[in-house]
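Below is one structure, written out as structure tokens, with a few remarks after it.
The values are calculated or read from the model by the stated rules, or taken from the named source; none is laboratory data. Everything quoted here is computed from the prediction, not taken from an experiment. Here the Cβ positions follow ideal geometry from the backbone for every residue, glycine too, while neighbour counts run over all protein chains shown. Side chains are part of the model used for accessible areas, which takes the heavy atoms of the whole protein and leaves out ligands, DNA and RNA. Shrake-Rupley method; radii C 1.70, N 1.55, O 1.52, S 1.80 Å.
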Amino acid sequence: MSSVVDDTAAAEFHAFFERHYAELSTLAYLLTGEADTADDLASDALLAMWRHWDRVRAADHPVAYARGVVANLVRSRIRSAVRERHRISLFWSQRPEGVDGPDVPVVLDVRAALGRLPFRRRACVVLRYAMDLSERDTALALGISVGTVKSQSSRGMAELQRLLGTGAAEAGIHAKVAVGRMEKRC
């Protein structure tokens with residue numbers, strides 16, 4: 001009997017993986033700006049979900065849970081990277097970061113502007129405007145209230161408009177999504 005249950009759980013997880021892996025990878029890419037890292041983080045999130053699949057599939061919103069896992073993994077990666085950069089800067093001089101391959105100038109501006117936003121604000125903006133999630137779905141993914149999503153999204157977009165110019169912020173985020181998808185395909 002347990003083989004039937006295990007086979008059913010495996011089939012459900014496989015279907016979940018097939019439906020949501022690309023979306024989770026895109027989310028991770030938009031939050032990190034690194035395609036290879038995004039794939040790793042999406043895989044790590046799905047692996048964590050598989051380990052607790054019985055609880056995850058019983059949840060009201062497993063996709064929101066998955067988005068939250070990705071966001072938490074990205075946050076952890078960013079914190080780790082900040083600590084590592086600090087340690088390296090103690091021993092070596094800072095070198096300007098280069099850009100790999102050709103990129104659209106607007107996307108570079110948006111990446112830089114998004115990087116200046118605090119994590120929660122950046123996550124709200126990316127989920128709301130780049131991933132086209134509702135306020136409710138964004139709140140579920142990040143484990144915060146809808147009101148917090150509204151305020152953080154509003155403040156994030158205001159900051160992006162200040163940094164990029166009026167009207168350029170939302171257009172730039174959509175351009176970043178388009179370029180991100182093209183980069184992920186290559």
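Just to be sure before I move on: is residue 43 surrounded by fewer than 18 Cβ atoms within 10 Å (Cβ to Cβ) and at pLDDT 90 or above in the structure I sent?
Working: surrounded by fewer than 18 Cβ atoms within 10 Å (Cβ to Cβ): yes; at pLDDT 90 or above: yes.
Yes; evaluated as a whole, the condition is true for this residue.
Select the helices (runs of 4 or more DSSP H) contained entirely in region 89-176, then report the ones holding at least 3 residues which are out of contact with any His (no Cβ under 7 Å at 6 or more places or on another chain), surrounded by 12 or more Cβ atoms within 10 Å (Cβ to Cβ) and modelled with pLDDT under 90.
It comes to 105-116, 146-164.
If you check every pair at least six apart or on different chains, which have Cβ atoms under 9 Å apart with a residue in region 17-33 that is on the phi > 0 side of the Ramachandran plot first and a residue that is modelled with pLDDT of 95 or more and not small (Gly, Ala, Ser) second?
none
What's the number of the only condition in (1) modelled with pLDDT under 90; (2) assigned to a helix (DSSP H, G or I) that residue 71 fails to meet?
The single condition residue 71 does not satisfy is (1).
May I ask you to list the residues in region 53-75 that are free of Cβ contacts under 8 Å to residues at least 40 places away in the same chain, more than 12 Å from the chain's Cα centre (by Cα) and open to solvent by less than 70 Å² (accessible area, probe 1.4 Å)?
56, 59
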